[in-house]
Amino acid sequence: VNQPAVVGTVAVIGGTGKEGKGLAFRWARAGLQVVIGSREAARAALAAQEIQARLGGSATIRGRSNLEAAGEAGVIALTVPYAAHRETLESIKPAMNGKLLIDATVPLIRGKVAQAHMPEAGSAAQEAKDVLGESAEVAAAFHSISHEWLLEGGAVDCDVLVTGTSRQAREAALALVNAAGLRGWDAGALANSAVTEGLTSLLIHINKTYGSKHAGIRITGI
Ligand SMILES: NC(=O)c1ccc[n+]([C@@H]2O[C@H](COP(=O)([O-])OP(=O)(O)OC[C@H]3O[C@@H](n4cnc5c(N)ncnc54)[C@H](OP(=O)(O)O)[C@@H]3O)[C@@H](O)[C@H]2O)c1
């Protein structure tokens, strides 16, 4: 399937963390302009330097505060712990202005990570839409992709299911899935993110049960 090209700068809010750094690395490696966001701009700059050093001179990656990063980008990926999800969204809301948010947050509960538990809104991504407002475009993706796979840099034996508020939102997110070197599928309305977020707990359970580290999923029969 041909996906539209990624245009402009991509911000990774929480990009100093494991999953965010993995996505930032993959997108910078693909030649995209990437801005890492952090609660501390200096921490973001360090993370950007680390990725820049790994990729060499051609990479275009910088670090900013979360709000500045969101302001400088056309698409904003969110990779923060669920406990910080709402607070982080409130902090970047002034810079969102209808820009696409791609939420990778999984609403895990400490001590019960192998059991799916969805917030009242239905999912973390639906909560994000509630925080950002009626006109916000939100997609949800990457929940089942381990940061170790992303940072290791090779092929990933797991598909990415992308849900979102509109077809355009899902297509834009799928373009970023492809840019990260992953295989993605349009998995429908944002309400379906309850399933894709919940799959993470299921995979954690499978890993515990079978002594594996990287259980994944593949869509077949297409
Ligand atoms: N790890 C994975 O393999 C993986 C896979 C798929 C999805 N996810 C999802 O991605 C999200 C991030 O996971 P992660 O493993 O990357 O987490 P992490 O390493 O703990 O990093 C998250 C980043 O969030 C920021 N943050 C903001 N508020 C925070 C707070 N109150 N406490 C701690 N950190 C805070 C921190 O950046 P600053 O301190 O610089 O602001 C931190 O570097 C989670 O929702 C997770 O479910 C993770």
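The values are calculated or read from the model by the stated rules, or taken from the named source; none is laboratory data. These figures come from a predicted structure and were not determined experimentally. Cβ: placed from backbone, ideal geometry, glycine included. Neighbour counts: every protein chain shown.
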Residues that are surrounded by 16 or more Cβ atoms within 10 Å (Cβ to Cβ), under 13 Å from ALA11 (Cα atoms) and not aliphatic (A, V, I, L, M): does the range 114-127 have at least one? no
How many of the residues in the range 6-56 are outside any helix (DSSP H, G or I), within 16 Å of TRP149 (Cβ to Cβ) and hydrophobic (A, V, I, L, M, F, W, C)? 1
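Restricting attention to the range 83-90, does a residue exist that is more than 25 Å from GLU134 (Cβ to Cβ), out of contact with any strand residue (DSSP E or B) (no Cβ under 6 Å at 6 or more places or on another chain), touching a residue at least 40 places away in the same chain (Cβ under 8 Å) and of a type in the set (A, V, I, L, M, F, W, C)?
Step one: list which residues in the range 83-90 are more than 25 Å from GLU134 (Cβ to Cβ), which gives 83.
Restricting the remaining residues to those that are out of contact with any strand residue (DSSP E or B) (no Cβ under 6 Å at 6 or more places or on another chain) gives 83.
Retained after the next criterion (residues that are touching a residue at least 40 places away in the same chain (Cβ under 8 Å)): none.
No: the range 83-90 contains no residue that is more than 25 Å from GLU134 (Cβ to Cβ), out of contact with any strand residue (DSSP E or B) (no Cβ under 6 Å at 6 or more places or on another chain), touching a residue at least 40 places away in the same chain (Cβ under 8 Å) and of a type in the set (A, V, I, L, M, F, W, C).
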Any residue at all in the range 16-24 that's surrounded by fewer than 22 Cβ atoms within 10 Å (Cβ to Cβ) and either farther than 17 Å from VAL138 by Cα or more than 17 Å from the chain's Cα centre (by Cα) (or both)? yes
Could you check, for the range 136-145, whether at least one of its residues is over 14 Å from the mean Cα position of the chain (by Cα) and more than 17 Å from ASP186 (Cβ to Cβ)? yes
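Yes or no, residue by residue, for (1) closer than 22 Å to LYS18 by Cα; (2) modelled with pLDDT under 95:
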position: SER135; (1), (2): no, yes
position: LEU176; (1), (2): yes, no
position: ALA180; (1), (2): yes, no
position: ASP186; (1), (2): no, no
position: LEU199; (1), (2): yes, no
Here the residues within the range 206-221 that are of a type in the set (Gly, Ala, Ser) and within 8 Å of CYS158 (Cβ to Cβ) are GLY216
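Within the range 27-59, track down each residue that is basic (Lys, Arg) and either over 18 Å from VAL80 (Cα atoms) or at pLDDT below 95 (or both).
ARG29, ARG54
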Filter the strands (runs of 3 or more DSSP E) completely within the range 65-162 down to those with at least 3 residues that are touching an Asp or Glu at 6+ places or on another chain (Cβ under 9 Å) and more than 12 Å from the ligand (Cβ to nearest atom). none
The range 85-112 - residue that is of a type in the set (S, T, N, Q) and modelled with pLDDT of 95 or more and, of those, nearest to ALA124 (Cα to Cα): THR105
Going residue by residue through the range 1-10, is there one that turns out to be within 13 Å of the ligand (Cβ to nearest atom), modelled with pLDDT of 95 or more and not hydrophobic (A, V, I, L, M, F, W, C)? no
Every residue from the range 188-204 that is touching a helix residue (DSSP H, G or I) at 6+ places or on another chain (Cβ under 6 Å) and small (Gly, Ala, Ser): SER193
